[in-house]
Every structure is written in structure tokens, then in C-alpha cells.
Amino acid sequence: MTIHWYPGHIAKAERKLQEQINLTDVVLEVLDARIPISSRYENLGKFTGEKPRLLILNKADVADPAKNSAWKTYLEQTTGQKVVLTSASSAKDISSIVKIAVELGKPAIDRIVKKGRLPRPVRVIVVGMPNVGKSSIINKLIKTSKVKTGAKAGVTRATQWVRVHPKLELMDSPGIIPARLEDQTMAAKLAMVNSIGEAAYDRMEVSKSLIELLFQKYKDSFCKYYKLEPADEPPCLEDIAQSRKLLLSGGKPDTDRAATLVLSDFRQGKIGRTTLEDIEQITD
Ligand SMILES: Nc1nc2c(ncn2[C@@H]2O[C@H](COP(=O)(O)OP(=O)(O)O)[C@@H](O)[C@H]2O)c(=O)[nH]1
Ligand SMILES: [Mg+2]
């Protein structure tokens, strides 16, 4: 499988990310709960330094509930960061993000006060790879309050801060962590959750890998959803095309449409709540 990537774009994106993070006290790091390994950028600490971080496992509503709690515990223990499971549509999840972010930012504000300056709200940024739900989380946070505090002087690109709580200001544009695709297995997972532009990969290949993974981890629900007899080997795209009556004009199975269908069903959580990565697969 070949997923293409462009180091030049990455360097540029990383510079921008660094500039954005420099303006903040706390970093809200969003992962896709279905792929906590591949959607996490291990070197984020290079950009955040000592700034406190909150890990958000988003899209928890479409991820496997049992694995959600296992991942939360594991990540809390191994990173020392706070971890929250969220679904960007849940108001309750969003208010817990606000509460924790204010707590995490308190030491930074205390330092300001100690220097004899006036306290100000904690400043936070939402960062993450494409499509993990950054904008949805930002929109949801902003909905809780609508007061814009305007552009800050001294910042080249006008950075808008939105006061989402008396003690919290949110940068209104997310920090985009460019998906690093050196590792093709991780790149394929990012393609599965739609974090990589379609032009960079072969849909059929990614779809086949997804079928194998879902078959391996969620055989019963997968076969049931596509009305396939559970077998020892994963179904091929032809099987799914047949079952869904996706046929070309000559009656041959339309594997291309089957590939698109499986990716789309998975992304929408139609096959069930699934998590593609397990704690057990981490080796170190
Ligand atoms: N099921 C589910 N979908 C979500 C969630 N958060 C975001 N999405 C969807 O994921 C897609 C990407 O979200 P977006 O906020 O644009 O991601 P961004 O690229 O990180 O800003 C959109 O279709 C959202 O509706 C969530 O918690 N659960
Ligand atoms: Mg966005």
C-alpha cells in the first residue's frame, strides 16, 4: 500500500502550529477514539514544551465503549495527562473540557499574578490531525458563549480569542497537526477515518485493509451488517458488492462502489461502534 505525503507541507504546517501554541497556556489535544495510536502525534511535546495538555478522545460515540474506557485509563497512566472521552455533539462532554482546561491553566495565571500583573483568562488551543473533530469541538465550545474578545495586538495573523467561560479564552482556529505518513500502517488507519485527502491513497486498498481489520475484530457485527455468512476468511469486495447488489451493467460486482460503501459505512458508525487499535498492540 502506498500513501503519499509531502515533507515540505509538513514543515510549513509545523511552523504555524508552533506559532499558535506559543500564544496559549493549555493545549487541547484531540484524537480519534477509534485510532488512538495513529491519530496521536507522539512528538507534540516538542511544540508544547511544559504547557499542560488535555487529551480528548473524540468520536467516542462511534468507538467501541469497552475499548474507550480501556484507552482512557491506559493513556492517563502512560502520559500523565488528563483524558476525556467526548462526542462533539454532547454538551456535557464539552463542559467537562472547560472545567479541566481552567484547572490546567491555573498555574500559568498564578505565575502572572506573582509577577505583579493582573490575572487574565486561561488561553487554550484545540489541536489535532485533520478530521478528528477539532472544528466541531470549537463550535460547540463557542456556542456556550458568544463574546469575541477581538484580535490581539502584536500577533501577525489576527488571532481571534473567544471567551467561552469567565476564566477561559479559546483560539478560534484549530492547530492542525499534519498527518505524518512515514508509517504506512498508521497512514492506512488515518485514511480509514478520513483524515487523509482521497488523492493520497487508493480507496480499494484502504477499503480492503479496513474489511480485514473489522473482520478480525468485529466479525459478527460486520457479517451481520453486510448479510454475509461468517467464514474463516474475510470477505472480498466482490462479496460485499454482491450482497449489496452493487453490480456493473454486465452483472459483474462493482468493487469500486463496494469499497466506497464500506469506508462510508464505517466512518458513519453504521457497522457498529468499532475501535481499530488495541492497547495490546503497543510494543515498547
Ligand atoms: N460521530 C461523530 N462525528 C463527529 C464527532 N466530532 C466530529 N464529527 C464529524 O467528523 C467530521 C470532521 O469534523 P471536524 O470538526 O470538521 O474535524 P476537524 O477537521 O478536526 O476540524 C464532521 O463530519 C463532523 O460532523 C463526534 O464526536 N462523533
Ligand atoms: Mg476543521
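All of the numbers you see were taken from the coordinates with simple rules; none came from a lab. Small disclaimer: the values here were computed from a predicted structure and weren't measured. Virtual Cβ from ideal backbone geometry, glycine too; neighbours counted across all protein chains shown.
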Task: Residue order, fewest to most surrounding Cβ atoms within 10 angstrom, among Lys51, Lys219 - done: Lys219, Lys51
Open item on the list: At a 10 Å Cβ-Cβ cut-off, how would you order Thr78, Thr24, Thr48, Thr260, fewest neighbours first?
Closed with: Thr78, Thr260, Thr48, Thr24
Open item on the list: Which of the three applies to region 1-53, rounded, prolate or oblate, going by the alpha-carbon gyration tensor with a ≥ b ≥ c and a/c under 1.5 meaning rounded?
Closed with: oblate
TODO: Any chance you could list P(r) for region 202-281, counting all Cα-Cα pairs in 5 angstrom bins from zero, rounded to whole %?
DONE: 3, 16, 27, 27, 17, 7, 2, 1, 0, 0
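Over region 7-176, what lengths in whole Å, largest first, do the semi-axes of the equivalent ellipsoid take, defined as the square roots of 5 times the eigenvalues of the alpha-carbon gyration tensor? Could the numbers behind the result be given before it?
Working: eigenvalues 123, 68, 53 Å².
With the √(5λ) rule applied to region 7-176, the semi-axes are 25, 18, 16 Å.
Taking neighbour counts of Cβ atoms within 10 Å as a proxy for exposure, in what order, fewest first, do Tyr74, Tyr226 appear?
Lowest count first: Tyr74, Tyr226.
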- [ ] Name all residues of region 50-68 having a backbone nitrogen under 16 Å from the label point set 7 Å from the Cα of Glu76 along its Cα→Cβ direction, giving them as ranges.
- [x] 53-58, 66-68
Task: Those aspartates and glutamates that a straight Cα-Cα span of less than 12 Å connects to Lys46, excepting residues fewer than 8 apart in one chain - done: Glu14
- [ ] Give a residue-ordered list of calculated ³J(HN,Hα) values for region 39-48 (Karplus: 6.51 cos²θ - 1.76 cosθ + 1.60, θ = phi - 60°; whole Hz; x for Gly, Pro).
- [x] 8, 9, 9, 4, 8, 4, x, 4, 8, 8
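Tell me, in nm to one decimal, what length is gained between Ile282 and Arg120 on full extension, where the rule is 0.36 nm per residue of separation less the Cα-Cα distance? Intermediate results must be reported in sequence, preceding the final value.
Working: separation 162, 0.36 × 162 = 58.32 nm, distance 4.08 nm.
So the chain would gain 54.2 nm between Ile282 and Arg120.
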Task: Note, ³J(HN,Hα) from phi for region 252-264, Karplus 6.51, -1.76, 1.60, rounded to Hz, x at Gly and Pro - done: 6, x, 8, 5, 5, 5, 4, 4, 4, 4, 4, 4, 5
- [ ] As a check on your grasp of the helix formula, calculate [θ] at 222 nm for the chain: sum -39500 (n - 2.57) over DSSP H runs of n ≥ 4, divide by the residue count, round to the nearest 500.
- [x] -13500 deg cm²/dmol
Task: Environment charge of Ser90, counting only residues whose C-beta is closer than 10 Å and scoring Lys/Arg +1, Asp/Glu -1 - done: 0
Task: Cα-based Lys proximity count in region 150-260, under 19 Å, for pairs eight or more positions apart or on separate chains - done: 15
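Counting only C-alpha contacts under 8 Å and six or more residues apart, can you give the relative contact order of the chain as a whole percent? Mind showing how you got there, number by number?
Values: 466 pairs, mean separation 60.6, N = 284.
Result for the chain is 21 percent.
What does the charge add up to near Pro121, with Lys and Arg as +1, Asp and Glu as -1, over the other residues with Cβ less than 10 Å from its Cβ?
Values: positive: Arg120, Arg123, Arg163, Lys167; negative: Asp25, Glu169.
My count for the surroundings of Pro121 gives +2.
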Open item on the list: With just the Cα atoms defining each centre, how far is region 82-109 from region 1-65? Give it in Å.
Closed with: 17
